[in-house]
């Protein structure tokens with residue numbers, strides 16, 4: 001029996017992460033924009049007792065380019081708003097965490113705070129947020145409020161030097177700070193319903209957040225009372241130092257993308273170092289998950305053949321920011337345990353094809369991990385924070401009076 | 001015979017909602033929303049309705065604490081309700097001032113997909129810097145520009161919804177075509193919005209989710225006639241209802257629209273009892289609950305525009321006159337618009353002739369229920385109202401969360417169904433379909 005069970009999340013995106021996934025015989029491409037499609041996937045993930053699902057999103061059509069519209073008709077294009085998809089799934093599930101993506105760049109932080117807090121109410125304590133930065137000019141043009149340079153592989157270095165990227169991350173850090181303050185802006189016992197004095201709330205327990213950042217201010221308090229978890233889970237995907245800092249400052253979980261256990265060890269060391277410098281010492285330890293694209297089959301050859309077939313259909317060899325695992329659930333279990341030794345608390349697996357690789361996770365990988373004593377046999381907690389052994393924090397304003 | 005359109009308004013954050021009653025439940029737990037929505041669906045209502053506000057109200061510089069405070073993000077709750085209802089329309093208020101067309105069009109089209117064509121949007125605008133303090137962009141809009149911007153906002157949102165044609169989502173592996181190449185392409189170059197690119201949500205089941213409008217001013221009425229599918233009206237008395245109905249409907253021809261293409265739905269309240277006399281007693285009891293001693297002073301302050309906290313709620317009206325300066329003590333809600341001095345004179349006369357203290361006076365002059373009576377009387381009045389062209393239906397606002405609609409559905413709905421003016425079963429699947437409006441597929 002391994003000492004500590006690992007945590008497992010699944011990243012849901014369209015028909016799966018391989019661009020040809022929607023053309024797989026197992027896919028249901030016509031159903032991608034229905035509630036039933038998402039409900040079935042999340043029910044399957046919950047059947048496997050996974051910690052949570054994330055739902056991808058962006059404020060532009062999917063593209064193979066770094067920035068800009070690629071006009072391709074042969075891959076999945078189009079998606080629904082991830083927060084609302086999560087909210088529709090919430091009443092149909094009971095234990096699994098729901099972590100939709102929402103951008104820090106264009107969406108008002110006040111709206112993010114309200115909608116994730118509301119998701120926490122609809123799911124009775126299972127909401128999270130994947131905070132995503134959108135630096136692409138394509139997305140900015142949908143809002144028309146910011147002049148943004150186009151991102152091209154060759155100008156990334158220049159933009160970095162010009163401080164554009166740093167500014168985006170500083171803005172994102174402000175957005176996360178505002179959202180977290182708003183979640184705390186109602187103390188837990190603010191609603192008093194005191195008939196004698198005629199007061200519904202004790203307004204001394206409602207707090208202006210009075211946030212003043214470099215580019216915006218937010219007054220508060222939230223329009224939504226404090227969510228059931230107090231602070232819904234904040235997560236972020238990170239590939240380099242700047243995003244590691246962003247995650248270490250404001251997130252509960254960071255997803256990293258090592259390609260082997262050595263890289264995993266190095267990134268974990270770097271993230272822990274940065275945490276030591278920038279993370280509030282009173283905060284819970286940052287949970288580090290590694291992302292992996294997974295293509296599974298009962299035998300390794302079958303998995304490789306599936307991958308080759310998908311690549312052939314798409315007409316290109318699939319590459320990803322994350323490592324791509326091809327093999328059996330048993331082999332994947334071994335790999336996860338090996339990587340975990342690098343200091344990871346869990347993994348966010350990206351199924352290449354839905355529902356095929358999701359089912360292989362819940363019905364293949366999960367029993368393999370259990371057999372190694374490394375995964376839960378029943379949910380122990382009722383909230384997403386609880387699954388990750390994160391306590392429910394008191395409001396930062398508790399006890400202070402205006 | 002006209003069918004009666006019915007919508008269920010989740011109790012709001014004003015003194016109409018009674019929180020002090022032992023039967024009053026949570027204003028924020030999802031279970032409360034589920035209870036009211038399922039009750040409305042059991043009663044074969046057309047839709048569920050949620051109000052909205054983006055800043056907690058204040059009076060005399062402090063957060064207003066006498067009424068229910070706190071509510072959810074409307075579209076997030078409605079998406080949750082989509083999973084636990086099958087036919088009920090799901091309409092939410094969303095402020096056009098503090099949102100962007102691309103994002104809101106996306107969220108509404110998403111709700112329409114997730115609910116299978118049941119989404120509705122009550123368009124409101126706001127120009128106050130007070131609410132703007134919660135947003136990056138702040139408050140910035142000239143009052144005169146409100147409807148101009150709202151009109152362009154709605155037009156832009158519809159352009160985005162139309163950017164995916166019906167057949168643009170192909171999803172056919174055989175031809176290797178997921179979406180047509182031009183799917184989602186849009187460009188809007190206007191006064192208030194200059195945006196272009198591609199929209200991410202394929203055409204939704206209704207094509208164009210229902211648009212509701214609530215403003216009552218000349219600008220609001222013109223806006224409704226030009227763009228809305230329904231009006232949430234404040235004219236809940238028969239005669240004024242008829243005048244409003246005629247006025248708004250008569251404006252439609254100029255836009256090439258038929259009178260049936262815009263539904264007039266006054267927001268109304270009700271009190272029921274076994275007999276008319278018992279209903280009147282219930283109505284009086286509810287009114288006293290709605291106007292606590294503290295609320296009486298507060299409502300008086302809203303007309304007087306002064307601190308009246310030293311006055312005895314059971315005592316006489318203040319002798320001092322209302323402060324008529326521009327600076328309002330109320331933030332985050334509309335100020336009473338009638339002439340304060342004239343109204344104060346009327347109230348004083350009434351208080352004197354009926355020997356009323358402040359609280360009893362306030363109970364008398366504010367918010368009497370629209371329909372009071374036995375179930376058969378209320379059913380009859382509702383039907384008269386609709387057949388008499390004072391409304392096409394109603395948005396019912398119960399005074400209790402979440403059980404405030406139970407009695408109405410159990411006792412009044414069957415009578416409306418007997419009269420043949422309310423469906424016994426749903427015969428349509430979309431909100432537009434329920435209302436008999438043109439589809440935009």
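Bear in mind these aren't lab numbers, they're just calculated from the coordinates by the rules spelled out. Keep in mind it's a predicted model, so treat the numbers as computed, not measured. Because the Cβ atoms are built from the backbone with ideal geometry, glycine has one as well, and the counts that use them run over all protein chains shown.
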DSSP bridge pairs, the stretch A:107-264: antiparallel proportion in percent, nearest 5:
45
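Can you tell me the equivalent ellipsoid semi-axes for the protein assembly as shown? Use √(5λ) from the Cα gyration tensor, largest first, whole Å.
Numbers: eigenvalues 472, 180, 132 Å².
Largest first, the protein assembly as shown gives 49, 30, 26 Å.
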May I ask you to list the residues of the stretch A:12-29 whose amide nitrogen lies under 17 Å from a point 7 Å from Cα along the Cα→beta-carbon direction of residue B:175?
A:23, A:29
Expressed in whole Å with the largest first, what are the equivalent ellipsoid semi-axes of chain B derived from the C-alpha gyration tensor as the square root of 5 times each eigenvalue?
38, 27, 20
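Starting from 0.36 nm per residue, how many nanometres of slack lie between residue A:272 and residue A:160 once their C-alpha separation is accounted for?
Values: separation 112, 0.36 × 112 = 40.32 nm, distance 2.37 nm.
Computed gain between residue A:272 and residue A:160 is 38.0 nm.
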Would you mind giving the mean number of other chain beta-carbons within 10 Å of the Cβ of each residue in A:186-196, as a whole number?
2
Using alpha carbons only, how many angstrom separate the centre of the stretch A:72-124 from the centre of the stretch B:342-414?
39
How far, in degrees from 0 to 90, does helix B:146-161 lean away from the longest principal axis of the Cα atoms of chain B, to the nearest 10?
30
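Remind me, relative contact order of chain A in percent, using alpha carbon pairs under 8 angstrom and six or more residues apart? Walk me through the intermediate numbers first.
Values: 761 pairs, mean separation 91.5, N = 402.
Rounded, it is 23 percent for chain A.
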Ordered by packing density, taken as the mean number of other Cβ atoms within 10 Å over each peptide's residues, highest first, how do A:237-247, A:159-169 rank?
A:237-247, A:159-169
List the residues of the stretch B:361-380 whose backbone N lies under 12 Å from a point placed 7 Å from the Cα of residue B:281 along the Cα-to-Cβ direction.
none
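So for the protein assembly as shown: antiparallel DSSP bridges make up what percent, rounded to the nearest 5?
Working: 16 of 85 bridges.
Close to 20 percent.
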Here, residue A:47 and residue A:26, labelled 7 Å along Cα→Cβ, have an inter-label distance in nm of 1.2
For the stretch A:1-154, alpha-carbon Rg relative to the globular expectation (2.2 N^0.38 Å, N residues):
1.13
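Restricting to the stretch A:7-387, compute how many DSSP beta bridges are antiparallel as a %, nearest 5. Each step should come with its number before you reach the end.
Values: 5 of 42 bridges.
Antiparallel bridges: around 10 percent, rounded to the nearest 5.
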Let me check I have the definition right: for the stretch B:99-154, take the eigenvalues of the Cα gyration tensor, multiply each by 5, take square roots. What are those semi-axes in whole Å, largest first?
25, 13, 9
Mind ordering B:119-126, A:200-207 by average Cβ neighbours within 10 Å, highest first?
B:119-126, A:200-207
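Under the definition of partner shielding as Cβ atoms of other protein chains within 10 Å of a residue Cβ, what is the mean value for peptide B:24-31? Write out the running numbers ahead of the final one.
Working: counts 1, 0, 3, 3, 9, 5, 11, 2.
Across B:24-31, the average partner-chain Cβ count within 10 Å equals 4.
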How big is the Rg/Rh ratio for the stretch B:152-226, C-alpha atoms only, Rh by Kirkwood, two decimals?
1.11
To the nearest Å, what is the center-to-center distance of the stretch A:318-369 and the stretch A:164-235, using C-alpha atoms only?
37
Average beta-carbon neighbours from other chains, 10 Å sphere, peptide B:110-121:
4
Paired Rg and Dmax values of the stretch B:292-365, which use every Cα atom, in angstrom
11.6, 35
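Just the ratio, please: alpha-carbon radius of gyration of the stretch A:7-387 over 2.2 N^0.38 Å, N its number of residues. Don't jump to the answer; show the numbers that get you there.
Details: Rg = 21.0 Å, N = 381, 2.2 N^0.38 = 21.0 Å.
Against the empirical 2.2 N^0.38 Å value, I get 1.00 for the stretch A:7-387.
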When N is the residue count of the stretch B:267-413, what does its C-alpha Rg come to as a fraction of 2.2 N^0.38 Å?
1.21
What distance in nm lies between label points placed 7 Å from Cα along the C-beta direction at residue A:285 and residue B:306?
6.5
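Hey, could you grab the Kirkwood Rh for the stretch A:330-380? Inverse mean 1/r over distinct alpha carbon pairs, Å, one decimal.
11.6
Calculate, in whole percent, how much of the Cα-Cα pair population of the stretch B:13-73 lies beyond 17 Å. Mind dumping the intermediate values first?
Values: 933 of 1830 pairs.
Percentage above 17 Å: 51.
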The stretch A:1-41 to the stretch B:296-335: how many Å between their Cα centroids?
58
Chain B - percent relative contact order, Cα under 8 Å, separation 6 or more
24
So what is the relative contact order for the stretch B:292-365, in percent, with contacts set as C-alpha pairs under 8 Å and at least six apart?
40
When you count, for each residue, the other Cβ atoms within 10 Å and take the mean per peptide, how do B:199-209, B:90-100, B:51-61 rank with the highest first?
B:199-209, B:90-100, B:51-61
To the nearest 10 degrees, how steep is helix B:238-250 against the longest Cα principal axis of chain B, on a 0 to 90 scale?
30
With Cα atoms, 0 to 90° folded angle of helix B:293-304 axis to chain B main axis
80
